[in-house]
Amino acid sequence: MKRVLILAYYAPPLGMGGTQRVAKFCEYLPEYGWQPVLLTVKDIAYYARDKELSRSLARTRVERTESLDPQRLVALLSRSPTGVANVSTRQSRWVRLATSLLVPDAKVGWLPFAVLRGVQLVRSLRIHAVLVTSPPHSAQLGGWLIARATGVPWMADFRDRWCAGEFQPGTTRVHRAPRALDGQASGRRGGGHRGPGPAPFASGKR
């Protein structure tokens with residue numbers, strides 16, 4: 001069975017639609033001949049959690065790295081007795097401010113950790129491909145760097161549009177500049193798939 005590295009900032013036990021997509025990729029890709037290895041971030045300050053989704057990761061190796069993005073930093077500073085980040089209104093405003101200043105998005109502080117560990121995993125586990133699901137779309141830059149360093153194909157899964165998407169407002173002219181990178185990612189990624197299913201992996205089933 002071939003191995004695929006899935007790079008995803010949002011993953012179980014976090015909740016909401018994006019993490020469900022990641023969970024089901026991990027659960028069903030083995031049926032298509034691909035064993036996923038999930039690379040994500042350590043606990044972050046986030047408003048939705050769904051521990052039930054973690055059951056979908058039962059057959060998946062999960063690697064969690066450190067990050068310097070605002071949500072990770074808030075989580076480190078705001079632990080409740082239960083271990084879950086408790087975000088204050090002031091901290092939430094700080095996260096929004098950081099989001100408006102960081103380029104291409106507020107999660108760019110995860111890239112150095114994700115790329116370093118991703119390259120290590122590809123080489124040590126002999127991974128055959130990298131699949132990046134975004135947002136955050138800065139993760140696509142991480143996938144591109146991992147692919148460049150290791151020579152494996154990179155596939156980009158855009159759950160939302162990079163530029164001018166409903167959940168990706170272009171705060172400033174600088175934030176809107178990655179429009180060209182959006183086109184490059186669409187044109188150069190290893191797979192041409194944009195839909196919800198695991199079509200890029202179908203050829204690996206036999």
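All but one of (1) over 18 Å from the mean Cα position of the chain (by Cα); (2) aliphatic (A, V, I, L, M); (3) modelled with pLDDT under 90 hold for residue 1, so report the exception by its number.
(3)
When the residues of the stretch 5-14 are filtered to those that are touching a strand residue (DSSP E or B) at 6+ places or on another chain (Cβ under 7 Å) and part of a loop (DSSP other than H, G, I, E, B), which remaining residue is farthest from residue 76 (Cα to Cα)? Let's see the steps before the verdict.
Step one: of the stretch 5-14, the residues touching a strand residue (DSSP E or B) at 6+ places or on another chain (Cβ under 7 Å) are 5-9, 11, 13-14.
Restricting the remaining residues to those that are part of a loop (DSSP other than H, G, I, E, B) gives 8-9, 11, 13.
Working: 8: 20, 9: 16, 11: 18, 13: 17 Å.
For the stretch 5-14, the residue satisfying everything is 8.
Look through the stretch 15-25, keep the residues that are assigned to a helix (DSSP H, G or I) and not aromatic (Phe, Trp, Tyr), and return whichever of them is surrounded by the most Cβ atoms within 10 Å (Cβ to Cβ).
Once the filter is applied, the top-ranked residue is 22.
What number of residues in the stretch 44-59 are surrounded by 18 or more Cβ atoms within 10 Å (Cβ to Cβ), touching a residue at least 40 places away in the same chain (Cβ under 8 Å) and either within 30 Å of residue 126 (Cα to Cα) or aromatic (Phe, Trp, Tyr) (or both)?
Here is the first cut: in the stretch 44-59, the residues surrounded by 18 or more Cβ atoms within 10 Å (Cβ to Cβ) are 44-46, 53, 56-57.
Pick out the ones that are also touching a residue at least 40 places away in the same chain (Cβ under 8 Å) and you get 44-45, 53, 56-57.
Keeping just the survivors that are either within 30 Å of residue 126 (Cα to Cα) or aromatic (Phe, Trp, Tyr) (or both) gives 44, 53, 56-57.
Result for the stretch 44-59: 4.
With respect to residue 103, is the statement that it is surrounded by fewer than 17 Cβ atoms within 10 Å (Cβ to Cβ), β-branched (Val, Ile, Thr) and either over 22 Å from residue 152 (Cα atoms) or modelled with pLDDT of 85 or more (or both) true?
Numbers: surrounded by fewer than 17 Cβ atoms within 10 Å (Cβ to Cβ): yes; β-branched (Val, Ile, Thr): yes; either over 22 Å from residue 152 (Cα atoms) or modelled with pLDDT of 85 or more (or both): yes.
Yes.
What number of residues in the stretch 26-56 are over 17 Å from residue 1 (Cα atoms) and either in a loop (DSSP other than H, G, I, E, B) or in contact with a helix residue (DSSP H, G or I) (Cβ under 7 Å, 6 or more places away or on another chain) (or both)?
Adding up the residues that qualify gives 12.
Could you run through the stretch 70-96 and say how many residues are at pLDDT 65 or above and either part of a helix (DSSP H, G or I) or over 16 Å from residue 47 (Cα atoms) (or both)? Please lay out each step first, then the result.
Going residue by residue through the stretch 70-96, those that are at pLDDT 65 or above are 70-78, 96.
Restricting the remaining residues to those that are either part of a helix (DSSP H, G or I) or over 16 Å from residue 47 (Cα atoms) (or both) gives 70-77, 96.
The total comes to 9.
Select from the stretch 106-130 the residues that are touching an Asp or Glu at 6+ places or on another chain (Cβ under 7 Å) and outside any helix (DSSP H, G or I) and list them in ascending order.
106, 107
The values are calculated or read from the model by the stated rules, or taken from the named source; none is laboratory data. What you are looking at is a predicted structure, and each value in this text was computed from that prediction instead of being measured. With ideal geometry, Cβ positions are generated from the backbone for all residues, glycine too; neighbour counts draw on all protein chains shown.
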